[in-house]
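*Asks:* Sharing a structure below in C-alpha cells format, with a few things to ask.
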Amino acid sequence: MTTRHSATPSGHQPWVIVAAGFHQNGGMDKANFALAEYLLDSGIPVHLVSHKVDASLADHRLATVHLVSRPAQSFFLGEFALSARGKKVARQVLREHPWAQIVVNGGNCVWPGINWAHYVHHAWSGSKDGPLAYQLKDAIAARRARSTEKAAFQRARLIISNSKRTTSELVKYFAVDPDRVYTVYLGSDPDWSLISTEERAASRKSLQIDEARSLAVFVGGLGYDDRKGFDVLFRAWRTLCARSDWDGDLLVAGSGPASPAWQAKVQQAGLEKRIRLLGFTDQIKSVLAAADLLISPARYESYGLNVQEAICRGVPAIVSASAGVAEQYDASFVPLLLPDPEDTVDLVERLLAWRSNKDEWRRHLHSFADRLRSRSWRDTAADFVSIAENERPREATGLSRLVSNPNS
C-alpha cells in the first residue's frame, strides 16, 4: 500500500529510506524515525518503505509511505518483501529524480546508495538453543542475513556506522574501504532528563517496588542465543542473593522466545521476590526512573542505546567494554566496564563495588549524563545528512544505470 500526499514542490531532491520501522520504540527504528523527521522538517520529500510508520511521519505532506506487509506476521518473510519493494521504489524515484538519495539499513535491501549500519551479523555467531524448529529457522535466517549484509555493505557507495566498533567490523569482515565509512553516534531525547525525587517515587509505586530496596534493571531481549548476556547476570544475581548483606532486586524489561524458560529458572532458584520478569514494555523511560543501576553484560552489542538512555536519566550502567556505547565512557567510568562479559565472578565484584558507593556513582554521573543528553536525535540526523550531501556522487549515471536493470 502506498500513501501519497499532494505537496508544493520543495526544490529538493527526494530521499528514499528503506527500514523495518519508523517509530520511537527500538534503537534502529528510532534512528530512522529521527532521520525521516529531520528531512521532512527541512522541506525534503521522503519516501518511507517500511512495515510500520509513525502517524506523525505518515501524515506529513512531504511524505510518501510505502507500507510493506509481513506474510503470516513473519519478520523473516517480511524481509524479502521489504527488499523487493525498496528496490522498486528506488528505481521509480530515480527515473524522475536521478540525484535522489537512497538509504538502506544493513542487508535489508542491497543497493549502491547509503547504508546505515546498525548491526553486523558476521560479528556474532553465538551458540543457539531452544526447540529444534526454532534452531532451524534461526539458522536459515542467520545465513540469509550474513549473505545479504555482505552484498549490501560491499556494494554501498557510503556507509554510516553507529560506533567505531561497527566501523572496524565492516572493514574486517567485508574489506570495505575505510574512507567510505563514517561513524555517527546515536542521539538522545531531550526529555529523558535526570530523574526527580517525585518521578522516582511515582515509578516505584507503579511498579510496586519498596523505596528502601536497591533496584537494578536489565533491558533487552531474552533470546535463545544469550547475546544480551542475561544468563551471566542471572548467575551473578543468584550468587549475590545468597549473601545476607545483598539488598538488591532485579527487574527485567524485555521479552523473547526464551522468556518462559527463564521464568521457570527464576522459580526453581527460589528468586521470585528478587528477580521479576516484566516482559515487553514501551515504558522504559518510566522503568529507568525507578532504577539505581542498569546492567548490560552483552556478548555482542554494536552500540547499546539502552545504556545511553539510562545514563541520560542519571542511572549508572555496567556494560561490556566491547559494546559500541562503551566508546562514550571516559577513564573515570572504567570500573563500570566489563572486560569479559562471560566472567560471572568479575560481574559480582563490580556489583558489590557499585553497591558500596551507590550514591557517589549517581552524583558522579551527572556530567556524563549532561554530555550524552546534549547530543539530540536531530544532531544525529543532521550529521547523517551533512555527510550524505558532502559525499554525493559526482555523476548520477552510476545510479541511473540501475533504474533500467531489474536484476540489480
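Each reported figure results from applying straightforward, stated rules to the coordinates on display, with no laboratory input. Treat the numbers as computed from the prediction; the structure is a model and nothing was measured. Please note: Cβ atoms are built from the backbone with ideal geometry, for glycine as well, and neighbour counts cover all protein chains shown.
*Asks:* Quick one: if you stick a label point 7 Å off each Cα along the C-beta vector at ASN357 and ALA55, how many nm between them?
*Replies:* 4.8
*Asks:* Follow-up question, since we're still on this one. Could you compute the longest span of the chain free of chymotrypsin sites (Phe, Trp or Tyr not before Pro) located in DSSP loops and having at most 14 other Cβ atoms within 10 Å, not counting the site residues?
*Replies:* Values: sites that count: TRP99, PHE280.
Segment 100-279 is the longest.
*Asks:* I would also like to ask the following. For the chain, the longest stretch holding no trypsin sites (Lys or Arg not before Pro) located in a DSSP loop with at most 14 other Cβ atoms within 10 Å is which?
*Replies:* Values: sites that count: ARG4, ARG61, ARG213, ARG243, LYS273, ARG394.
Free of exposed loop sites, the longest segment is 62-212.
*Asks:* What does the charge dipole of segment 197-373 about its Cα centre add up to, to the nearest 20 debye, if the Cβ of each Lys and Arg holds +1 and the Cβ of each Asp and Glu holds -1? List each step's numbers first, then the result.
*Replies:* Values: 23 positive and 25 negative charges, 84 e Å.
Magnitude of the dipole: close to 400 debye.
*Asks:* Name the residue farthest towards the positive end of the dipole of segment 197-373 from the options PRO260, LEU365, GLN208, assuming +1 on Cβ of Lys and Arg, -1 on Cβ of Asp and Glu, about the Cα centre.
*Replies:* GLN208
*Asks:* Another question, if that's okay. Return the sequence-ordered ³J(HN,Hα) values of segment 260-269 in whole Hz as given by the Karplus equation 6.51 cos²θ - 1.76 cosθ + 1.60 applied to θ = phi - 60°, using x for Gly and Pro.
*Replies:* So the J values, rounded to whole Hz, are x, 5, 5, 4, 5, 5, 4, 5, 4, 7.
*Asks:* So, one more: Distance check, please: which entries in LYS137/LYS164; LYS30/LYS164; LYS164/LYS358; LYS30/LYS88; LYS128/LYS285 exceed 26 angstrom between their Cα atoms?
*Replies:* Violating the 26 Å Cα-Cα cut-off are LYS137/LYS164; LYS164/LYS358; LYS128/LYS285.
*Asks:* Here is a follow-up. Suppose a student asked you for the relative contact order of segment 191-283, using Cα pairs under 8 Å spaced at least 6 residues apart; what percent would you report?
*Replies:* Working: 90 pairs, mean separation 27.1, N = 93.
That works out to 29 percent.
*Asks:* List the longest stretch of the chain that has no exposed loop site; here a site is one of the GluC sites (Glu not before Pro) assigned by DSSP to anything other than H, G, I, E or B, with at most 15 other Cβ within 10 Å.
*Replies:* Working: sites that count: GLU211, GLU272, GLU342, GLU391, GLU395.
That gives 1-210 as the longest site-free run.
*Asks:* So who's got an amide H within less than 5 Å of the one on GLY106, skipping anything under 5 residues away but keeping other chains? H placed 1.01 Å off N, in plane.
*Replies:* TRP116, ALA117, HIS118
*Asks:* Averaging sequence separations of C-alpha pairs under 8 Å and six or more residues apart, then dividing by the length of the chain, give the relative contact order as a whole percent.
*Replies:* Numbers: 718 pairs, mean separation 64.2, N = 408.
In percent, rounded to a whole number, it is 16.
*Asks:* Report for the chain the percent antiparallel among DSSP-assigned beta bridges with both residues inside it, nearest 5. Mind dumping the intermediate values first?
*Replies:* Numbers: 3 of 45 bridges.
Just about 5 percent of them are antiparallel.
*Asks:* What is the helix-to-structure angle for 132-155, meaning the angle in degrees between its Cα long axis and the longest Cα principal axis of the chain, kept from 0 to 90 and rounded to the nearest 10?
*Replies:* 50
*Asks:* Determine the calculated [θ] at 222 nm for the chain from helices alone, applying -39500 (n - 2.57) to every DSSP H run no shorter than 4 residues and normalising by the residue count; nearest 500 deg cm²/dmol. Let's see the in-between values first.
*Replies:* Numbers: 15 runs with 172 residues, N = 408.
Helices in the chain give a 222 nm mean residue ellipticity of -13000 deg cm²/dmol.
*Asks:* Starting at the first residue of segment 282-289, write each ³J(HN,Hα) from the Karplus equation 6.51 cos²θ - 1.76 cosθ + 1.60 with θ = phi - 60°, in whole Hz, x for Gly and Pro.
*Replies:* Each residue's phi maps through the Karplus curve to give 9, 10, 4, 4, 6, 4, 5, 5 Hz.
*Asks:* Just how large is the dipole of the chain about the Cα centre, in debye to the nearest 20, putting +1 at every Lys and Arg Cβ and -1 at every Asp and Glu Cβ?
*Replies:* On the way: 50 positive and 45 negative charges, 249 e Å.
Here the chain has a charge dipole of around 1200 debye.
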